[in-house]
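Single-structure report; data block below.
The values are calculated or read from the model by the stated rules, or taken from the named source; none is laboratory data. Only a predicted model underlies this, so the values are computations on that prediction, with no experimental measurement involved. When we count neighbours, we look across all protein chains shown, and the Cβ atoms used for this are built from the backbone with ideal geometry, even at glycine. Surface accessibility is based on the protein's heavy atoms, side chains included, excluding ligands, DNA and RNA. Shrake-Rupley method; radii C 1.70, N 1.55, O 1.52, S 1.80 Å.
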Amino acid sequence: MAQPMLKKDDDRDDEVDYHPFFGIEKGAVLQEARVFNDPQIDPRRCSQVITKVLYILNQGDTLTQIEGTEVFFSVTKLFQSKDPGLRRMMYLMIKELSPSAGEVIMVTSSLMKDMNSKTDMYRANAIRVLSRIIDGTILAQIERYLKQAIVDKNPVVASAALVSGIHLLQTSPEVVKRWSNEVQEAVQSRASLVQFHALALLYQIRQHDRLAVTKLVTSLTKGSVRSPLAQCLLIRYASQVIRESGVNQAGERPHFDYLESCLRHKAEMVILEAARAITELSGVTSRELTPAITVLQLFLSSSKPVLRFAAVRTLNKVAMTHPLAVTNCNIDMESLISDSNRSIATLAITTLLKTGNESSVDRLMKQITNFMADIADEFKIVVVDAIRSLCLKFPLKYRSLMNFLSNILREEGGFEYKKAIVDSIVTLIRDIPEAKEIGLFHLCEFIEDCEFTYLSTQILHLLGNEGPRTSDPSKYIRYVYNRVILENATVRAAAVSTLAKFGALVDSLKSRIFVLLRRCLFDSDDEVRDRATLYLKVLGGEAVVGETEKETNEFLFGSFDIPLVNLEASLKNYEPSETPFDISSVPREVRSQPLAEKKAPGKKPTGPAGPTSGPVVSAIDAYEKLLSSIPEFAAFGKLFKSSAPVELTEAETEYAVSVVKHIYDGHVILQFNCSNTIPEQLLENVTVLIDASEAEDFAEVYTKPLRSLPYDSPGQTFVAFEKPDGVPAVGKFSNILKFIVKEVDPASGDVDEDGVEDEYQLEDLEVTYADYMLKVPVSNFRNAWEGMDPESERVDEYGLGARESLAEAVNAVISILGMHPCEGTEVVPNNSRSHTCLLSGVFIGNVKVLVRLSFGISGPKEVAMKLAVRSDDPDVSDKIHEIVASG
Amino acid sequence: MATLPSVKNILVLDSEGKRVAVKYYTDDWPSVSSKLAFEKSVFTKTMKINARNEADIVMFDGHIVIFKFIQDLHFFVTGGDDENELILASVLQGFFDSVGTILRNNVEKRTALENLDLIYLCLDEVVDGGMILETEASVIADKVSSASGLETMAPFSEQTLSQAFAVAREHFARSLLK
């Protein structure tokens, strides 16, 4: 009720004249409300006026603060009346007006009197009204009465007090927690609703005490709970306990027997609650599932839509994880396809699609075709998604499923729906090679009459990539060129690019494509003309890009794998000069955002366009600037990678030191960021003495000391090492911070002349293989993988020994390799027994590396891993294996 | 954390989707316009369904809505999409039947508006701040009629003998069915 509603007179005009509130107006009603102030109260009339005010509020109108206060005060006068009906309406009115703290005081005494009245109805309602409007101080005054009311022999009063307790727990938990003895007593009540409310309150009081909850559940599951609602609550609490305690040694869960016994309860809501609780147990076995599935199956043929819906919805969820357990219900499900409730029918169909076997696909598709016409788009999308996963499950059935998709693609539908269909077809084209040509053909048909620019351009792009490699590329040209004639500028530009791809990749078509492209030179849109000109020049050999044809194609159609933010940053830094902007100088590294990723583990990595990568890019730039400003380092060449800072000291010690490893082709620079945390000291001539005896390949070449390190102003010292060119040398370094300490008077800032030489032990530092690996994402792992030379592939298997979990093993391998996880595959779903993880990166020497990891976990948590590597250089593939073998 | 079964709103709309009586218990719909938009979409999604004998159900936008129609009145109870549908259905049934009892089985828009105070009281007795207070229709109806004391007594006395008899028989039949 935030803002006042406009008068609804217009709406009311067309209502029929018997409407008792016809023409009602707020102003007039508020006038009428003056009758509350009459010395002789007419209860009947007052009730009517209250109803009118409530009606106005209920229709969405609001009272201003002044109006509200006025009404509130006149309503309080009505406490003089003894009429019970009027009193009830007053209670409603007071709750609805939600008075301010100052106004509440006006009614508390009257309400407290009602709370102790002999009439149960007054007591119950006064409690509910009071608990709704009071604050902590008044609560303290009435606490005693509320405690009594909880154990009142009248169930209505007890329930009112308990429900109020649940509400008050939000605002004054410490008060309500003191009532737990009374609440405990109320749990034993014979009145069913009292039991329900008491159980709810008791659990909320104790919910943070696991032991208490376990005790509560254990004692109540023995069978003193009668009310179905309370039983449902108890099932929820019991499954909470099960979730927290897991499976015991004998493979049994505590309270499972209780859940199972609830499946035989006489109330349907309890049966449903128990069945759902069982299906949602983590790692539920098929033996545990069977009884729950059986009762749900019975519900499927119920005459009540609600029951059918509840059952089919639960089974649908089960089918995602345990499709086999649900197959028994398939016959009942099929009869639900014609259910008059479309939600039920959709759920039934998607369940069937998940559980169906190969032979039933054709029959199902026939049934679905009839059904699709009369459901809403949102349901259709669900069905399309289900069909896509079905097709991936049974690739042999692609023909009928693809046909189905193309049929529905032709029918009416909104953007989301069409997009779902197109996405599905694209997925099928990608994953089922046999389906490619049919799929492309259907998509061609679709763009002939497609009103969505986004979809048209997507499809044109796909056609350009896939079309030239089909058996008869020429048949697509007509569809593509039609776009140039018929569509808007965006689509035309996309079509020109697609045409050019055909021309570049299919020699036999080249001359004919040129004819088409030349026609595009007269297009009304700049972008279209520009594209056509570029393609004509480059493909026609007039302008030369690169030396071979392959390079030309790479230039025109290659994937653009430079993160756009990095490109933007580099372009901003570029100052116009003799040397042209070199795109290969743009850093490709995308720093992962560990924090963001941890917060949202289920989500896909934000990828190159993540906004947080902006400042990180500048950090790399900053390093590069800093290092190139030191003449000794200028000759080292181009910086390959800078690691994240590694702390070499504990937090809150005298001196804080962290190190950044800068990797060059033939050198490694260690940058020590030091800061002095003692105000009484000034450090001078700070260096780090490094013992590289455990790093044989490294030879120290230069140390740049830090001249002075005053309090609270960090500085850097550098140590450079030489290492064999292009070799990923590893090793361990032990470090000592050496410096001269001078006393400082923090008050005056005077520095003592004489210094003392001192040293400070730092933690060891390691250069690992991961330091030589750049995290570089690829946009499409599959394409990139297939684009690599299969000769370079190296496959081997490893036993990783016992691990805490699959996820831990996956993360360990990722961090050893220091590569970029692709397509969100670093996230391992709970309880999965196997997992495939895709990684990409660039190894030192600019060698692109792709890794496919397949993990499996056995019963006693033994993890095995299969590692397949492809890279530009087979030696690097071997190297990766060495890294993993040594890690 | 295991949660309490809770009701997000109870709606009574007329045959054009306009409000007769509504009660919202959560902040899912913060403004009047979002409430009206919800009512409109729930009404259009369900208006073609024949929910006169059995309560029916629809799920959208993360809500479950159970509904039942009688004459020109449409009753709705909304809950979260992880709620036990049958609990929500029992709330609807309790409210629906108690309104039937109070209006002496003459449930239609006109009588409902004429007895709007009783409908409001019914709403108040079924759910309190989202918590289910009572689902037994006869208990709810008793609480409401005892509350409205004299006011309902007066019309009762005006009934003809045969009407009174019919009501008594109805009550008797109900108590037998339980």
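Could you identify the single residue in A:Glu757, A:Glu753 that is part of a strand (DSSP E or B) and modelled with pLDDT under 80?
The conditions single out A:Glu753.
Name the pairs: first residue in region A:404-415 and closer than 15 Å to A:Val383 by Cα, second residue among the polar types (S, T, N, Q) and surrounded by 12 or more Cβ atoms within 10 Å (Cβ to Cβ), Cβ to Cβ under 8 Å, at least 6 apart or on different chains?
A:Phe404/A:Thr369; A:Leu405/A:Ser424; A:Asn407/A:Thr369
Conditions tested, residue by residue: (1) outside any helix (DSSP H, G or I); (2) open to solvent by 20 Å² or more (accessible area, probe 1.4 Å).
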site: A:Tyr623; (1), (2): no, yes
site: A:Glu632; (1), (2): no, yes
site: A:Phe636; (1), (2): yes, yes
site: A:Glu650; (1), (2): yes, yes
site: A:Thr653; (1), (2): yes, yes
site: A:Asp665; (1), (2): yes, yes
site: A:Leu683; (1), (2): yes, no
site: A:Val686; (1), (2): yes, no
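Out of region A:399-417, which residues are more than 21 Å from A:Tyr454 (Cα to Cα) and open to solvent by 30 Å² or more (accessible area, probe 1.4 Å)?
A:Arg399, A:Ser400, A:Asn403
Which condition number in (1) closer than 26 Å to A:Ala200 by Cβ; (2) open to solvent by 10 Å² or more (accessible area, probe 1.4 Å); (3) among the aliphatic types (A, V, I, L, M); (4) at pLDDT below 90 is the one that B:Ala137 fails?
(4)
Yes or no: region A:246-257 includes at least one residue that is out of contact with any Lys or Arg (no Cβ under 6 Å at 6 or more places or on another chain), away from chain B (no Cβ under 11 Å) and open to solvent by less than 20 Å² (accessible area, probe 1.4 Å).
No: zero hits.
Per-residue answers, yes or no, for (1) within 15 Å of the chain's Cα centre (by Cα); (2) open to solvent by 30 Å² or more (accessible area, probe 1.4 Å); (3) facing chain A (nearest Cβ under 10 Å):
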position: B:Thr26; (1), (2), (3): no, yes, no
position: B:Phe60; (1), (2), (3): no, no, yes
position: B:Ile70; (1), (2), (3): yes, yes, no
position: B:His74; (1), (2), (3): yes, no, no
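Filter region B:35-46 down to the residues that are facing chain A (nearest Cβ under 10 Å) and surrounded by fewer than 19 Cβ atoms within 10 Å (Cβ to Cβ), then identify the one that is nearest to B:Asp56 (Cα to Cα).
Filtering region B:35-46 for residues that are facing chain A (nearest Cβ under 10 Å) and surrounded by fewer than 19 Cβ atoms within 10 Å (Cβ to Cβ), the one nearest to B:Asp56 (Cα to Cα) comes out as B:Lys45.
Name the residue, out of A:Glu696, A:Glu700, that is among the charged types (D, E, K, R), farther than 20 Å from A:Ala635 by Cα and either assigned to a strand (DSSP E or B) or open to solvent by 40 Å² or more (accessible area, probe 1.4 Å) (or both).
A:Glu696
Please go through region A:467-479 and give me each residue that is surrounded by 20 or more Cβ atoms within 10 Å (Cβ to Cβ) and within 38 Å of the chain's Cα centre (by Cα), ordered by number.
A:Gly467
Across region A:84-113, which residue is nearest to the other protein chains (Cβ to nearest Cβ) among those that are surrounded by 22 or more Cβ atoms within 10 Å (Cβ to Cβ) and among the charged types (D, E, K, R)?
Restricting to residues being surrounded by 22 or more Cβ atoms within 10 Å (Cβ to Cβ) and among the charged types (D, E, K, R), the top hit is A:Arg88.
Restricting to region A:22-52, name every residue that is polar (S, T, N, Q), more than 14 Å from chain B (Cβ to nearest Cβ) and either buried (at least 17 other Cβ atoms within 10 Å of the Cβ) or assigned to a helix (DSSP H, G or I) (or both).
If the condition is that a residue be polar (S, T, N, Q), more than 14 Å from chain B (Cβ to nearest Cβ) and either buried (at least 17 other Cβ atoms within 10 Å of the Cβ) or assigned to a helix (DSSP H, G or I) (or both), then A:Gln31, A:Asn37 are the ones that fit.
Give me a count of the residues in region A:828-864 that are buried (at least 20 other Cβ atoms within 10 Å of the Cβ), assigned to a strand (DSSP E or B) and in contact (Cβ under 8 Å) with a residue 60 or more places away in the chain.
Matching residues across region A:828-864 total 8.
Report the residue count in region A:490-535 for those that are open to solvent by 20 Å² or more (accessible area, probe 1.4 Å), farther than 13 Å from A:Gly464 by Cβ, touching a helix residue (DSSP H, G or I) at 6+ places or on another chain (Cβ under 6 Å) and modelled with pLDDT of 85 or more.
Counting residues in region A:490-535 that are open to solvent by 20 Å² or more (accessible area, probe 1.4 Å), farther than 13 Å from A:Gly464 by Cβ, touching a helix residue (DSSP H, G or I) at 6+ places or on another chain (Cβ under 6 Å) and modelled with pLDDT of 85 or more gives 6.
Would you say A:Ser117 is more than 12 Å from every other protein chain (Cβ to nearest Cβ), out of contact with any Asp or Glu (no Cβ under 8 Å at 6 or more places or on another chain), polar (S, T, N, Q) and in contact (Cβ under 8 Å) with a residue 40 or more places away in the chain?
Taking the combined requirement at face value, the residue does not satisfy it.
Mind checking whether some residue in region A:133-146 is more than 9 Å from chain B (Cβ to nearest Cβ), β-branched (Val, Ile, Thr) and under 19 Å from A:Gly68 (Cα atoms)?
Yes; the residues of region A:133-146 include at least one that is more than 9 Å from chain B (Cβ to nearest Cβ), β-branched (Val, Ile, Thr) and under 19 Å from A:Gly68 (Cα atoms).
Would you please name the residue that is nearest to the other protein chains (Cβ to nearest Cβ), looking only at residues in region A:147-157 that are without any contact (Cβ under 8 Å) to a residue 40 or more places away in the chain and of a type in the set (A, V, I, L, M, F, W, C)?
A:Val156
Can you name the residue in region A:53-83 that is outside any helix (DSSP H, G or I) and within 14 Å of chain B (Cβ to nearest Cβ) and is also most open to solvent (accessible area, probe 1.4 Å) among such residues?
Here the answer is A:Lys82.
Taking the criterion of being open to solvent by 50 Å² or more (accessible area, probe 1.4 Å), farther than 30 Å from A:Val719 by Cβ and of a type in the set (Val, Ile, Thr), would at least one residue in region A:809-822 satisfy it?
No: zero hits.
Please state which of the following conditions A:Pro305 fails to meet, knowing it meets all the rest: (1) crowded, with 23+ Cβ neighbours inside 10 Å; (2) more than 14 Å from chain B (Cβ to nearest Cβ).
Tallying (1) crowded, with 23+ Cβ neighbours inside 10 Å; (2) more than 14 Å from chain B (Cβ to nearest Cβ), A:Pro305 fails exactly one: (2).
I'm trying to understand the selection: among the residues of region A:125-154, which are more than 17 Å from A:Gln184 (Cβ to Cβ) and open to solvent by 50 Å² or more (accessible area, probe 1.4 Å)?
Within region A:125-154, A:Arg132, A:Asp135, A:Thr137, A:Ala140, A:Gln141, A:Arg144, A:Tyr145 qualify.
Taking the condition within 11 Å of chain A (Cβ to nearest Cβ), without any contact (Cβ under 8 Å) to a residue 12 or more places away in the chain and within 17 Å of the chain's Cα centre (by Cα), does B:Lys18 pass?
yes
Could you tell me whether A:Leu201 is within 11 Å of chain B (Cβ to nearest Cβ) and either open to solvent by 10 Å² or more (accessible area, probe 1.4 Å) or within 20 Å of A:Ala277 (Cβ to Cβ) (or both)?
no
Hey, can you tell me all the residues within region B:76-108 that are charged (D, E, K, R) and open to solvent by 30 Å² or more (accessible area, probe 1.4 Å)?
Across region B:76-108, the qualifying residues are B:Asp81, B:Asp82, B:Asp97, B:Arg104, B:Glu108.
So, in region B:84-126, how many residues would count as being in contact (Cβ under 8 Å) with a residue 40 or more places away in the chain, facing another protein chain (nearest Cβ under 10 Å) and outside any helix (DSSP H, G or I)?
1
Touching a helix residue (DSSP H, G or I) at 6+ places or on another chain (Cβ under 7 Å), free of Cβ contacts under 8 Å to residues at least 60 places away in the same chain and at the interface with chain A (Cβ under 7 Å from one of its Cβ atoms): is that true of B:Ile66 in this structure?
yes
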